[in-house]
Amino acid sequence: MNSIRPPGLVGPGGADVPAAVHSDQRWQDAHLLRSGRERAHRGGAARQHVVAYLGELNQDQERRWQRTVVFHNRQGDERQLRLFPDADPISLPDDPDIVRVRLSSVGWTNPRHFGDVWLGLWLWKFLHLDAIVDRHVPQGKETVRPADIVAIEVINRLCGPCSEFALAEHWYRSTGLEDLLGVPDSAVTKDRLYRTLDRLLEAQEAIENDLKDQLGNLFQLDYDLLLYDLTSTYFEGLAEENDLAQRGYSRDHRSDCKQIVLALIVTRDGFPLAHLTLAGNTQDLQTVETIVTTIEGRFGKSHRVWVMDRGMISKEALRFLGRSGRRYLLATKRGELAAFANHLRAGGWQRLNDNPDVEVKLLKRKRVHYLLARSRPRRQKERAMRRRQRRGLARALEKRKKRIDDGRLKNRDKILESVGRLKGRFPKARPFVAITVAKTEPAGLSWSWLREKFREALAGDGAYLLRSNQDGWSATEFWETYIQLTVVERAFRVLKSELLLRPVWHHYSGRTQAHVMICVLAYLLWKTLDHLAKRAGLETPIHKPDPHRAQAAPKPRPMTPEVILRELGQIAIGDIELETTTGQKLVLRRVARPRGEPKRILEALGLEIPERLSPDRIL
C-alpha cells in the first residue's frame, strides 16, 4: 500500500487538511483519505478518514478523481490541483504556426467598423474611380496619394457622413480603412483633406467625362434621355465670404438661411452624368440654356430628349429647346390647363395598365404634342387640402363677423387688415370667395363663395399637362418618360438625408463646390449598390410575421443601400491577443466572420470578405 498526496488541500477555517489517494501497487481498490487530528478530549491522535472510494485507478478516470479532490479542497477554482505529476511534455512539431498558448490571457482589442467601409472601397474600385481620380489628380510631392484621400472622403460620406474635422479626429481611426488603404491615421489630417478638395474641384469636368464612358461600359447605359432638375441646400452660419451663399427660394423651407442651388443631370437609370453648383439666388429659368449648352459642349450634340419639370418652362426656354434638333418633354404650369378645360370634361381617357389610378389623353396642336393626365390619388390629396382650407376660412370669417357684430372690432382699417391676414393664412381657399367690407359706419363684413370657379378647380384636380416636340410616342410612353423625373427627386432625397449634403458649413465657395462633388460621387456609389442589389434580387425579409393577420403583415421588399450598409457595418475588425507559455505575446488581426443577414447579403452580391489583411506579429 502507498499514499499519494496532492499538494495544497485546505480545509474550512484555513486548517491544513491533507488528502491522499490510498491504493496498492497494481493501482487496484484505490480510495481517497483525509488526515487530521482528533479533538483534544480524544487525545489529539492522528486519524485518517476515507473520503471517497475511487475504484480502479486507470488513466481514463484521472480527470474524475481530480474533480473529487477539488470538491473537498474548497479552493480548487483558484489553482489547478493534480493527483499525479504531469506527464512528460509533448514535443511540438517543427512548425512556426504551432505554439503553446495560455488560455487565461486571450483577449480582443481595438475593434473597428469594417464591413461597410470595405464594401464602399469595393464599389470605389469597381467603378475604377481609383484610377480615374489618380489620373486627373496625380500625386506630386505628397506622401499620400490624393486618390486615397478622395476615397476616404467619399466612403465617409457614404457610410458615416461627418465634417472633415470629425473625419480626421475620430471617424477614420474607428474604421478598418487604415488596413485597407495603408494610409496611417496620422496622415489623415483636416488640412490635407481640405487641400485635396481644392485639387479635386479643378478636375471635376475631366472626372465626369471619364465616368460617363466607364458607367456606359459597366451598365450598358444610354444617354438618349436625360433628366434635369434643381434643388437647394442651406448654410449654417452667415457665410459672409462665400460668393455662392445667397438668399432665394428655399426648397428646404429654410428661408432664414443663405443657400446654394444644385443642378443635377442623371440618366433614366438614375446614374449621375454631371452637376453644377450655382448661387443661391439663381432662378430655375436661367439655368436651362446654361445646362444644355454645357452638356452639349462636353458630350456633343445629339437627338437626346431633355425631361424637365414645370419650373423650367418659359417662352425663351421653349424657343431655345426647339432649335438645332433638340427634343424636350416639359410639364406646363397649372394655368395652361384652362385652355384644355373642354378636354378635361370630355371622354376618351385611357387608363394605364401598370398604374390604374392614372388616366391619360394624347392631343396634338400644330407641331407640339400634349398629354393630359389625371391621377386619382393626386386628385384626392388636392381636394382634401382645399376642403380643409375652405372650412378653416369659413370658420375664421364667422369669428370676425361675430366680433364686428358685438362691437369689439369697429375700425374699418383694422377689419381690412384682419381680412388680409386671413387670405394669407388660407391661400388655397382665397380664389373661391369674395369678401366685402362695408364702407358705411358701422362697418360690416360679408362674403360669398364663387361656385363657378370652384367647379373649374374640381375639374382640374389631379390633372397634369405635359408638352413635347418628340414624335412617335404613345400616351403610355409619354407619361412613363415624364414620371422618370421621380428618379432625380429620389437622388435629391438621398443626397440630403442619407449623404448629408445639407447643411453646408464651408466658408469658401470652392470648398462648397468640392463638398457637393464629394456628395455626388458618394451618391454614385450608393446608386451602384442599389443597382447591384436589385439585379441580385435582394429583399428585406420579415423575420416575425403575424400568424393571425397574414394578409395585413408586411411583405418582403427590395433591400435598400441604407439597410445593406447598416447590416455590413456589424462586421468588425480587431486584434486577438495571445500569450504563449514561453512569454511571447502574439497579435492576430482578424475580420469577424459574417453570420446571419450580413452573410446572406454578401452571398447574394457574390462578394467574399477577407479574414485577414496583414501578417500576424509578435510583441
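For segment 413-465, enumerate the residues that are among the aliphatic types (A, V, I, L, M), over 22 Å from A384 (Cα atoms) and assigned to a loop (DSSP other than H, G, I, E, B). Matches in segment 413-465: A438, A443. Sort out which residues of segment 495-512 are buried (at least 21 other Cβ atoms within 10 Å of the Cβ) and part of a helix (DSSP H, G or I), and write them in order of number. Selection gives L495, T512.
Please indicate, with yes or no, whether at least one residue in segment 178-199 is in contact with a His (Cβ under 7 Å, 6 or more places away or on another chain) and surrounded by 14 or more Cβ atoms within 10 Å (Cβ to Cβ). First the steps, then the outcome.
Taking segment 178-199 and keeping what is in contact with a His (Cβ under 7 Å, 6 or more places away or on another chain), we get none.
Checked against the condition, which is being in contact with a His (Cβ under 7 Å, 6 or more places away or on another chain) and surrounded by 14 or more Cβ atoms within 10 Å (Cβ to Cβ), segment 178-199 yields no hits at all.
Scanning segment 513-551 for residues that are at pLDDT 95 or above and of a type in the set (S, T, Y) turns up Y523, T528. Any chance segment 566-573 includes a residue that's closer than 30 Å to E202 by Cα, under 16 Å from the mean Cα position of the chain (by Cα) and of a type outside the set (S, T, N, Q)? No, there is no match, as no residue in segment 566-573 is closer than 30 Å to E202 by Cα, under 16 Å from the mean Cα position of the chain (by Cα) and of a type outside the set (S, T, N, Q).
For segment 579-603, the candidate set comprises residues that are at pLDDT 90 or above and part of a loop (DSSP other than H, G, I, E, B); within that set, the residue that is farthest from S174 (Cα to Cα) is R595.
Restrict the check to segment 141-161 and report whether at least one residue is of a type in the set (V, I, T) and more than 25 Å from the chain's Cα centre (by Cα).
Filtering segment 141-161 for residues of a type in the set (V, I, T) gives 143-144, 149-150, 152, 154-155.
Remaining after also requiring more than 25 Å from the chain's Cα centre (by Cα): 143-144.
Within segment 141-161 (the criterion being of a type in the set (V, I, T) and more than 25 Å from the chain's Cα centre (by Cα)), the answer is yes, since at least one residue qualifies.
Run down A550, A522 and say which single residue is touching a Leu at 6+ places or on another chain (Cβ under 7 Å) and either open to solvent by less than 60 Å² (accessible area, probe 1.4 Å) or not in a helix (DSSP H, G or I) (or both). So the residue among A550, A522 that is touching a Leu at 6+ places or on another chain (Cβ under 7 Å) and either open to solvent by less than 60 Å² (accessible area, probe 1.4 Å) or not in a helix (DSSP H, G or I) (or both) is A522. Among the residues of segment 194-207, are any under 20 Å from I265 (Cα atoms) and assigned to a loop (DSSP other than H, G, I, E, B)? Within segment 194-207, one or more residues are under 20 Å from I265 (Cα atoms) and assigned to a loop (DSSP other than H, G, I, E, B).
Which of the residues spanning segment 444-453 are crowded, with 16+ Cβ neighbours inside 10 Å and modelled with pLDDT under 90? Once the filter is applied, which keeps residues that are crowded, with 16+ Cβ neighbours inside 10 Å and modelled with pLDDT under 90, segment 444-453 yields only L445.
Looking across segment 553-583 at every residue that is touching a residue at least 60 places away in the same chain (Cβ under 8 Å) and over 25 Å from W122 (Cα atoms), the one that is surrounded by the fewest Cβ atoms within 10 Å (Cβ to Cβ) is identified as T582.
Looking across segment 307-354, the residues that are surrounded by 15 or more Cβ atoms within 10 Å (Cβ to Cβ) and either part of a helix (DSSP H, G or I) or out of contact with any helix residue (DSSP H, G or I) (no Cβ under 9 Å at 6 or more places or on another chain) (or both) come down to R310, G311, M312, A317, L318, F320, L321, L337, F340, H343, L344, W349.
Output the qualifying pairs, or none if there are none: Cβ atoms under 9 angstrom, residues six or more apart or on different chains, first residue in segment 252-263 and outside any strand (DSSP E or B), second residue open to solvent by 70 Å² or more (accessible area, probe 1.4 Å). Between residues of segment 252-263 that are outside any strand (DSSP E or B) and residues that are open to solvent by 70 Å² or more (accessible area, probe 1.4 Å), the close pairs are D252/R502; R254/R502; S255/R247; S255/Y249; C257/R247; K258/L238; K258/R247.
Listed by first and then second residue, the pairs with beta-carbon distance under 7 Å, at least 6 apart or on different chains, first residue in segment 584-608 and farther than 19 Å from E539 by Cβ, second of a type in the set (S, T, Y) and modelled with pLDDT under 95, are L586/T580; R589/S614. Residue check: is I576 touching a Gly at 6+ places or on another chain (Cβ under 7 Å) and either closer than 20 Å to H113 by Cα or part of a helix (DSSP H, G or I) (or both)? When the stated conditions are applied, I576 does not pass them.
For F165, the criteria (1) outside any strand (DSSP E or B); (2) crowded, with 16+ Cβ neighbours inside 10 Å; (3) among the hydrophobic types (A, V, I, L, M, F, W, C) hold in every case but one, which is (2). Being over 44 Å from the mean Cα position of the chain (by Cα), closer than 30 Å to L225 by Cα and of a type in the set (K, R) is a property that K366 has.
The values are calculated or read from the model by the stated rules, or taken from the named source; none is laboratory data. On a predicted model such as this, the values are computed, not experimentally measured, just so you know. Positions of Cβ are backbone-derived with ideal geometry, glycine not excepted, and every protein chain shown enters the neighbour counts. Just so you know, the surface numbers come from the protein's heavy atoms only, side chains and all, with ligands and any DNA or RNA stripped out. Shrake-Rupley method; radii C 1.70, N 1.55, O 1.52, S 1.80 Å.
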